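A quick write-up on the structure given underneath.
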Amino acid sequence: KKKAFSEVEIERLRNGCETKRERAIVEVLLSTGCRVGGLVGMNKSEITNDSITVHEKGNKDRVVFFNAKAKVALDEYLKGRVDDNDALFVTEGKPYSRLCISGVEIVIRELGRRVGVSPCHPHRFRRTCATLARRRGMPLEDIHKMLGHSNIDTTMIYIAEDDDNMAQSHKKFVI
């Protein structure tokens, strides 16, 4: 089974961010669980308080939410932007065009190398978001909606259940 990032790995990634854009990308991926294609398709004009509309595969739109860390990182990143592109994430230099999928993959892979987290790729943030939400008690149906899966069985694949989780659940639920 593919693994989610551990909480230590998440902190390494957060602490290893060298730019406000890197930090915002990491926090948005962790908070929303969106696919990298959805991330690069986000627009500033679609932000509403702590949520944004994400456009992903299958021409399915859905609303995803920013936690406090994502909101703060995004606000800091947007404050420093000097362009008028509506894309939420743009290249670091002129002409400030929309960041593409491969651009995000490069940013995340280089960040992972810098901090010693491997493998490090955007989709692992999606799995991590789902896994952490489940560990903290989010109902499976809500995780299913958050990830935008058509089939709940797909959602089950994303949630990395391990022996520690089972031991904690056993203590909590079995007399």
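Where the accessible area of the chain is counted over protein heavy atoms with a 1.4 Å probe, how much of it, in %, is carbon and sulfur? Write down the numbers at each step before the final one.
On the way: 5200 of 9850 Å².
Percent of accessible area from carbon and sulfur atoms in the chain: 53.
Only Lys, Arg, Asp and Glu carry charge here, each on its Cβ (+1 for the first two, -1 for the last two); on that basis the chain has a dipole of about 240 debye about its Cα centre.
Which net charge results for the neighbourhood of Arg124, defined as the other residues with beta-carbon distances under 10 angstrom from its beta-carbon, given Lys and Arg at +1 and Asp and Glu at -1?
Details: positive: Lys2, Lys3, Arg126, Arg127; negative: Glu9.
Overall, the nearby charge balance is +3.
The residue among Gly112, Thr155, Phe89 whose Cα reaches farthest toward the positive pole of the charge dipole of the chain, with charges on the beta-carbon of Lys, Arg, Asp and Glu, is Gly112.
In the context of the full set of protein chains, the chain has a per residue accessible area of 56 Å² (1.4 Å probe). 3J(HN,Hα) along the range 88-97: 5, 10, 10, 5, 6, x, 4, x, 6, 8 Hz, from the Karplus curve 6.51 cos²θ - 1.76 cosθ + 1.60 with θ = phi - 60°, whole Hz, x for Gly and Pro.
If packing is taken as the average number of other Cβ atoms within 10 Å across a peptide's residues, how do 91-100, 28-37, 144-153 rank, most packed first? Mind showing how you got there, number by number?
On the way: 91-100: 13.2, 28-37: 23.0, 144-153: 15.7.
Answer by packing, highest mean first, reads 28-37, 144-153, 91-100.
Per-residue ellipticity at 222 nm, computed for the chain from helices alone with -39500 (n - 2.57) per DSSP H run of at least four residues, works out to -16000 deg cm²/dmol. When +1 charges are put on Lys and Arg Cβ atoms and -1 charges on Asp and Glu Cβ atoms, the dipole computed for the range 36-75 relative to its Cα centre reaches about 100 debye. In terms of its C-alpha gyration tensor, the range 1-111 has a rounded overall shape, because the principal axis ratio a/c (a ≥ b ≥ c, square roots of the eigenvalues) stays below 1.5.
The values are calculated or read from the model by the stated rules, or taken from the named source; none is laboratory data. Predicted model only: the values in this text are computed from it and were never measured. Please note: Cβ atoms are built from the backbone with ideal geometry, for glycine as well, and neighbour counts cover all protein chains shown. The area values use the complete protein model at the heavy-atom level, side chains included, leaving out ligands, DNA and RNA. Shrake-Rupley method; radii C 1.70, N 1.55, O 1.52, S 1.80 Å.
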